[in-house]
Amino acid sequence: HLMENASRAFLDAVGKSMRQIRKAVGSSVIDPKLLTYAEHLQYEGFLRRQETNEAIMELSKQGVPIKQIVKRTGHSRKLVRSVLRGQRSDVFRVRQSSIEEWLPWLDSRWTQGAHNASA
């Protein structure tokens with residue numbers, strides 16, 4: 001039971017920290033199988049927004065006027081304009097965790113503690 005509880009706690013901790021782990025590792029490739037349920041939903045939304053942006057940009061490159069892009073895609077005029085103006089680049093939105101602002105301080109304390117332990 002102890003091993004089962006310990007492994008469950010470890011997997012829960014890793015699951016909650018996947019964004020920070022991917023950032024630390026420098027991984028830019030997203031493997032949907034490694035995402036938490038909430039991250040998977042966010043990733044699906046990202047793919048839809050990216051697809052929308054690409055469709056709007058392609059129609060614009062073909063010379064289709066904004067009014068026609070709105071009719072063809074079913075998206076609002078505001079959305080189409082923001083895509084064409086490059087104001088919708090945050091297609092993979094990340095919610096900042098409450099601990100995010102403390103990470104530099106925690107990192108410095110961790111590094112300092114590791115340095116003191118090795119001395």
**Item:** Answer from GLN68, GLN96, GLN112 - the residue that is part of a helix (DSSP H, G or I), modelled with pLDDT under 75 and open to solvent by 50 Å² or more (accessible area, probe 1.4 Å)
**Value:** GLN112
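How many of the residues making up the range 45-65 are under 21 Å from ASP31 (Cα atoms) and surrounded by fewer than 12 Cβ atoms within 10 Å (Cβ to Cβ)?
Of the residues in the range 45-65, the ones under 21 Å from ASP31 (Cα atoms) are 45-51.
Retained after the next criterion (residues that are surrounded by fewer than 12 Cβ atoms within 10 Å (Cβ to Cβ)): 48, 51.
Total satisfying the criteria: 2.
Test of understanding: among LEU47, LEU79, which residue is modelled with pLDDT under 90 and assigned to a helix (DSSP H, G or I)?
LEU47
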**Tabulated pairs, the range 58-72, first in the same structural domain as GLY86 (by the TED database), second open to solvent by less than 50 Å² (accessible area, probe 1.4 Å) and not in a helix (DSSP H, G or I), C-beta under 8 angstrom, 6+ apart or interchain** = ARG72/VAL64
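The values are calculated or read from the model by the stated rules, or taken from the named source; none is laboratory data. Just so you know, these numbers come straight off a predicted model, no measurement behind them. Neighbour counts run over all protein chains shown; Cβ positions are idealised from the backbone, glycine included. Note: accessible area is taken over every heavy atom of the protein model, side chains too, but ligands, DNA and RNA are not part of it. Shrake-Rupley method; radii C 1.70, N 1.55, O 1.52, S 1.80 Å.
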